[in-house]
Amino acid sequence: MPSSSLGQMFVVTNFGESHGPAVGCVIDGCPPGMALAEADIQRDLDRRKPGTSRHVTQRRESDAVHILSGVYEGRTTGTPIALVIYNEDQRSRDYGAIAHQYRPAHADWGYMAKFGLRDPRGGGRASARLTAPTVAAGAVARKWLFETLGIEIRACLTELGGRPVRFEDWSCVNDNPFFAPNASQIEELESCVDAARKSGDSIGARLRLEVLNVPAGFGNPVYDRLDADLAHALMGINAVKGVEIGDGFAASALTGTTNADRMLPGGFASNHAGGILGGISSSAPIVAQVAIKPTPSVRLPLESLDEEGRPVEVVTLGRHDPCVGLRAAPVLEAVAALVIIDAALKQRGQCGNLGRAYPR
Ligand SMILES: Cc1cc2nc3c(=O)[nH]c(=O)nc-3n(C[C@H](O)[C@H](O)[C@H](O)COP(=O)(O)O)c2cc1C
């Protein structure tokens, strides 16, 4: 089955290409009656859009979202919500040289192997431009989750090019171009990205994602476990190469007694599990760590092949993010919102409730 859709109750189908007329999505299954305006969605899109600082791609897109359906007199009707974002700043000439070459680490060869043709302009469907509809749909989900359950979702940078980013305070995350949780390391991060950009190379990043106030009970015991659904959706974001829930890989070095989150009156004593037990939310914060690879398009020459199988040196010009992880925080948040709203609606469908509070 071809799939550009995520979710079973709150189904988001993503469409478009980087240099086509538009990108967008259709949301089927949004609960009716929620107040929804374009401004509610635009806030998150503005946090993701390119060209907001010298540290990200200089492609200029207003990323203005248009609601085409599913909202009447300012309220969701329960019918499909179509969201469209027109592409404004395509420069396909930048891709002339690589239209018939495979960029190592990018999707070019994979698409050709699968489909036998590809749209090379700006990476076509493999472009991070397709994360804009994800963020738009995520904003709708997030609004419902906050208004219905008080759920809050946040993400921040924890590592840049292998360098740890100190956690100090969530409050400064949206005040700097790195989504860094401190104000004291910004100059160091700037130098790090400037150096990568000047060298023509790129760097990777790690981020932390948290979902707060999720009631206990969301998820399933087998296969569609909440952790599996979250990992599936996060791995569905371009350039994500690793997802850990709670302590993740580090959990294997703990003992049973150190890994256990003791249940005390009033709450769990710790959160090694990352808020999910047996595939089901526990009411503790859901925590994930995500590793993002360096941007595949680099200005430095890389050995590769062209479509005829001849050896070539690929040099990628055009406007690229020196570190794609710098723009990923809003995308992770959106994906988490989509997974959690789907789990909430399934819980309501099967069990007739929206989860349970921690035992008091
Ligand atoms: C927010 C964001 C921005 C990105 N910007 C670029 C970019 O400017 N240039 C590029 O080559 N890749 C960029 N990527 C990564 C590619 O889209 C991705 O590596 C490519 O589709 C191949 O998929 P894979 O890395 O998941 O295998 C970006 C990814 C994200 C999440």
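What follows is calculated from the coordinates using simple rules that are stated; it is not laboratory data. If you're wondering where the values come from, they're calculated on a predicted model, not measured in any experiment. With ideal geometry, Cβ positions are generated from the backbone for all residues, glycine too; neighbour counts draw on all protein chains shown.
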Taking square-rooted eigenvalues a ≥ b ≥ c of the alpha carbon gyration tensor, is region 1-135 rounded, prolate or oblate, where a/c under 1.5 means rounded and, failing that, a/b exceeding b/c means prolate?
oblate
HN-Hα couplings for region 111-117 via Karplus (6.51, -1.76, 1.60; θ = phi - 60°), in whole Hz with x for Gly/Pro, come out as 5, 5, 4, 7, 9, x, 7
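Between residue 253 and residue 73, what is 0.36 nm times their sequence separation minus the Cα-Cα distance? Round to one decimal in nm.
Working: separation 180, 0.36 × 180 = 64.80 nm, distance 5.52 nm.
Result: 59.3 nm gained on full extension.
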Between region 260-279 and region 203-233, what is the C-alpha centre distance in whole Å?
15 Å
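Arrange the following residues from fewest to most other Cβ atoms within 10 Å of their Cβ: 144, 109, 170.
Working: 144 22, 109 17, 170 12.
Ascending number of Cβ neighbours within 10 Å: 170, 109, 144.
Roughly what % of Cα-Cα distances in the chain sit above 39 Å, to the whole percent?
On the way: 10495 of 64620 pairs.
For the chain, the fraction of Cα-Cα distances above 39 Å is 16 percent.
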Taking amide H atoms as placed 1.01 Å from N in the peptide plane, list the residues 5 or more away in sequence, or in a different chain, whose amide H sits under 5 Å from that of residue 242.
291
Of the residues 31, 15, 52, the Cα lying farthest along the dipole of region 9-57 towards its positive end, which is defined by charges on the beta carbon of Lys, Arg, Asp and Glu, belongs to 52
Which percent of Cα-Cα pairs in region 208-271 sits in each 10 Å bin, short to long?
16, 41, 37, 5, 0
Pull out the extension gain between residue 112 and residue 195, defined as 0.36 nm times the separation in residues minus the alpha carbon to alpha carbon distance; nm, one decimal.
26.5 nm
For the pair residue 99 and residue 310, how long in nm is the line joining their label points, each one 7 Å along Cα→Cβ?
1.6 nm
In sequence order, what are the phi-derived ³J(HN,Hα) couplings for region 8-13 according to the Karplus relation 6.51 cos²θ - 1.76 cosθ + 1.60 with θ = phi - 60°, rounded to whole Hz, with x for glycine and proline?
10, 9, 10, 9, 10, 10
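In which sequence would 102, 223 go, from the one with the fewest C-beta neighbours within 10 Å to the one with the most?
Numbers: 102 23, 223 8.
Ordered by Cβ neighbours within 10 Å, fewest first: 223, 102.
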Distance-filtered residues of region 28-50 - backbone nitrogen under 17 Å, label point 7 angstrom along residue 148 Cα→Cβ:
28-37
The set of residues whose placed amide H lies less than 5 Å from the amide H of residue 214, leaving out same-chain residues fewer than 5 positions away, is 286
The helix 226-235 Cα axis meets the longest alpha-carbon principal axis of the chain at an angle in degrees, between 0 and 90 and rounded to 10, of 10 degrees
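Any idea how many Lys pairs in the chain come in under 20 angstrom at the alpha carbon, given 8 or more places apart or on separate chains?
Values: 49/143; 49/293; 143/346; 198/293; 241/293.
Within the chain, the lysine pair count is 5.
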So residue 317 and residue 264, fully extended at 0.36 nm per residue minus their Cα-Cα distance, gain in nm 13.4 nm
I need the phi-derived Karplus couplings for region 197-211: 6.51 cos²θ - 1.76 cosθ + 1.60, θ = phi - 60°, integer Hz, Gly and Pro marked x.
5, 5, 6, x, 9, 9, 9, x, 7, 10, 9, 10, 10, 10, 10
With a point put 7 Å past each Cα toward its Cβ, work out how far residue 172 is from residue 60 in nm, to one decimal.
3.1 nm
Evaluate E = 1/(1 + (r/R0)^6) for residue 88 and residue 213, where r is the Cβ-Cβ distance and R0 equals 51 Å; express this FRET efficiency to the nearest 0.05.
0.85
Ordered by fewest other Cβ atoms within 10 Å, a rough proxy for footprinting exposure, 59, 121 read 121, 59
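If a/c stays under 1.5 just call it rounded; otherwise compare a/b with b/c (prolate if a/b is bigger, oblate if not). Do that for region 282-360, with a ≥ b ≥ c from the square roots of the Cα gyration tensor eigenvalues.
prolate
Would you mind counting up the charge near residue 169? Only other residues with Cβ under 15 Å from its Cβ, with Lys and Arg at +1 and Asp and Glu at -1. Provide the component values of the computation, followed by the final result.
On the way: positive: 154, 166, 208; negative: 168, 175, 210.
Counting the neighbours of residue 169, the net charge comes to 0.
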